[in-house]
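Everything below concerns the one structure shown next.
The values are calculated or read from the model by the stated rules, or taken from the named source; none is laboratory data. All values derive from a computational prediction rather than experimental measurement. Virtual Cβ from ideal backbone geometry, glycine too; neighbours counted across all protein chains shown.
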Amino acid sequence: MQGGETAGGAAKEAAANLGASAWAGKEKAVAVVHEQVDKAKSHDDPAGQAAAEARKEERFQEVEAAKRAAIRHNAAVAKDGRAAAVAADETEARAVDDAEG
């Protein structure tokens, strides 16, 4: 089993992880379509095409980071329960804010 203590907990965690992966896949597909449209609009501009590819790669990284965070959150919920996971999310958010600010 994954992080869940029971079969039901593991199933819930697996379903939540599947949802996160599906969302990430959808967002990546949207990024690819946007890249293709941007490249088509700037078919004679190599800089525009490179910028479109860079935006797609940046979006891929953002989506992967969000997916990994969701999977970590799901594991925390399965392991420690909802209250502990919310507290961990708030602590992580504060750490990110401190690092950016």
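If you filter the range 23-58 down to residues that are more than 22 Å from the chain's Cα centre (by Cα) and among the acidic types (Asp, Glu), you find that the one that is surrounded by the fewest Cβ atoms within 10 Å (Cβ to Cβ) is Asp44. Among the candidates Lys67, Lys79, the residue that is basic (Lys, Arg) and modelled with pLDDT under 95 is uniquely Lys79. Whether any residue in the range 53-63 is polar (S, T, N, Q) and at pLDDT 95 or above is what I want to check. The answer is yes; a qualifying residue exists.
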